[in-house]
Amino acid sequence: RQSRQPGPRHRAFQLVAAARKAMLGARSGGILTGEDVDNIRNMLFDANAGGDVVFLVNAFAAYAAARLAIEFVLPGKLRGYTHQQYVVTLAHQVVVLPVLAVCWAAGLLASGGSASGGPSEAPGLIYLLTGAYVLSDSLVNYSPISAAIAGSAGPPTFSWGVHAHHGFTLLLCLLGTTLPPWLEVEGAVAILLGEAGSLWITITLLRPTRTNFLLRLLTFFASRLCAVPIAIDVLRQCESPLTFYPLLAGVAGLVYDNVRTLLRMRYHARQAAAGGGVAEHGSWPL
């Protein structure tokens, strides 16, 4: 992996490298070196070092706080989803990720400053912010506290399907920060494609027209058609079993979930094209 200046990222790769070195040392009777201990301590416990774990926790707190604030200002639901979910989802997919993509392309997020010529921090930010986004959705909207947050007297909203989808996504986002630079870039592109393809899900819920049902199906299918081969290429180049098998589990889980979602979307698109009513609600797959 090419060298990078210390920043708010890349501590995760140091941790994995230290863990692998420790295992090799254990088999040969060795012990952890001072450098290994420092790598682990800096990532997990040193907030000033700005490790990926610290950044993820802070980003999760920011997303959760934004969701709670929006819920307070705009309470209520629309077609089974809270207004807060629509706002945060659109903000993440239409504002946060596109801004990161533009900054990445313009070289504005290079390690050590834009003029340093170092590797871009954008791919890692894409992983971590997307991970924080899905984690906050699971906690705020699909956990036992969701009823209190939404001010509902009924039971809290819960969905194993949503938690599974978010869990696989979070796993891929966390592992993505430990990949070598070229694979980290490929994975970040796959995330951008996936989120872009999911954008029309929200638009269709807001405006359920025949055209939007068709566009939802086509954009979702096209994005997965592009993103899945990239994910397979990343897996093909993974050398460590510690990375390969968790990544394989995450990719396989998301592919299964996306196939189910795609089939449901095709059914709804046919219903809409035939002029029938389509009952969308807050369940997964859509």
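Regarding Arg270, is this residue of a type in the set (Lys, Arg), assigned to a helix (DSSP H, G or I) and either under 23 Å from His166 (Cβ atoms) or under 21 Å from the mean Cα position of the chain (by Cα) (or both)? Answer is no for this residue. Are any residues in region 247-261 open to solvent by less than 40 Å² (accessible area, probe 1.4 Å) and farther than 12 Å from Ala231 by Cα, and if so, which ones? Gly253, Asp257, Asn258, Thr261 - these are the residues of region 247-261 that are open to solvent by less than 40 Å² (accessible area, probe 1.4 Å) and farther than 12 Å from Ala231 by Cα.
Just checking, how many residues over region 159-194 are open to solvent by less than 30 Å² (accessible area, probe 1.4 Å), more than 17 Å from Ser120 (Cα to Cα) and of a type outside the set (A, V, I, L, M)? Of the residues in that region, 5 qualify. The number of residues in region 199-243 that are farther than 26 Å from Trp182 by Cα, assigned to a helix (DSSP H, G or I) and touching a residue at least 60 places away in the same chain (Cβ under 8 Å) comes to 8.
Cβ-Cβ contacts under 7 Å between residues 6 or more apart (or on different chains), taken from a first residue in region 186-198 that is among the basic types (Lys, Arg) to a second residue that is modelled with pLDDT of 95 or more and assigned to a helix (DSSP H, G or I), are absent.
For region 210-225, the criterion of being under 26 Å from Cys103 (Cβ atoms) and over 17 Å from the mean Cα position of the chain (by Cα) is met by at least one residue.
Criterion first (of a type outside the set (Ser, Thr, Tyr), at pLDDT 90 or above and open to solvent by 30 Å² or more (accessible area, probe 1.4 Å)) does Arg216 satisfy it? No.
The values are calculated or read from the model by the stated rules, or taken from the named source; none is laboratory data. What you see is a predicted model, and the numbers here were worked out from it, not measured in a lab. Please note: Cβ atoms are built from the backbone with ideal geometry, for glycine as well, and neighbour counts cover all protein chains shown. The accessibility values were calculated without ligands, DNA or RNA, using every heavy atom of the protein model including side chains. Shrake-Rupley method; radii C 1.70, N 1.55, O 1.52, S 1.80 Å.
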